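K.L.:
Here it is: the structure, laid out below.
Since every read-out is calculated from the coordinates, none of them should be taken as a lab result. Here the structure is a predicted model, which is why all the values come from computation and not from measurement. Neighbour counts are summed over all protein chains in view; Cβ atoms, including those assigned to glycine, are modelled from backbone coordinates with ideal geometry.
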Amino acid sequence: MGSTELLQSNGNTLTTPDSATLGRPVDNNTKRMTENAGDQNNASNSAEDTEIEVEKLLEYRQVTDGSIEFLVKWVGQSKEEASFEPEHEIQQGAAETLYDYWRAIGGRNKTLFYEGKDPLPETYHVFKILHHEKKGTGFQLEVQWVGYPAASSTTSLEPEAKLKKICPKLLEKYWERKGGGEIYIGRRGRPRRAH
């Protein structure tokens with residue numbers, strides 16, 4: 001078994017395995033996913049902004065940055081028109097299809113990291129920061145990982161310092177949404193008292 005590393009879903013990674021692995025196909029109920037991760041509020045009808053539906057995830061592969069891509073068959077298109085899409089984008093637009101796929105083939109961890117003659121290094125990418133807790137003079141942040149639902153059994157609390165290294169942009173966006181981390185710290189690093 002390989003080492004475990006925490007990685008960012010945007011492609012900034014700490015390991016670069018070269019192997020590609022193919023998964024088995026599984027039928028899923030049709031889920032909605034956007035074809036382009038661009039601005040969804042844009043009213044233009046260009047092909048880049050249209051929503052298309054995922055019909056089936058056909059197989060997966062690991063790319064050189066350690067992330068996973070899926071060959072996606074789209075509703076109304078032939079298998080020849082299927083395209084490889086990053087796992088984190090599928091999770092954004094068709095999460096249940098993704099989770100159903102992994103469940104149907106025995107689970108993401110088991111399939112990727114523990115089965116077969118050449119299991120992949122155990123690698124995780126941050127999908128989303130869910131919330132934070134004050135811990136001592138810093139914060140612990142609950143992290144949802146790419147390929148996993150936001151259930152307490154599949155998330156983890158990670159120190160802010162670690163997230164600053166592996167996903168600084170995601171951490172910055174989280175604190176912007178919350179109004180800044182400093183509002184949760186009292187003078188001299190002490191937590192503010194509840195009123």
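K.L.:
Condition test on GLN140, is it under 30 Å from GLU53 (Cβ atoms) and without any contact (Cβ under 8 Å) to a residue 24 or more places away in the chain?
P.N.:
no
K.L.:
Something else about it: Is it the case that segment 101-122 has a residue that's touching a Lys or Arg at 6+ places or on another chain (Cβ under 9 Å) and free of Cβ contacts under 8 Å to residues at least 60 places away in the same chain?
P.N.:
yes
K.L.:
I've got another one for you. Taking THR154 as meeting all but one of (1) among the hydroxyl-bearing types (Ser, Thr, Tyr); (2) within 19 Å of the chain's Cα centre (by Cα); (3) over 14 Å from HIS125 (Cα atoms); (4) surrounded by fewer than 18 Cβ atoms within 10 Å (Cβ to Cβ), write down the number of the exception.
P.N.:
(3)
K.L.:
Please count how many residues of segment 84-126 are of a type in the set (Lys, Arg) and either surrounded by 17 or more Cβ atoms within 10 Å (Cβ to Cβ) or in contact with a helix residue (DSSP H, G or I) (Cβ under 7 Å, 6 or more places away or on another chain) (or both).
P.N.:
1
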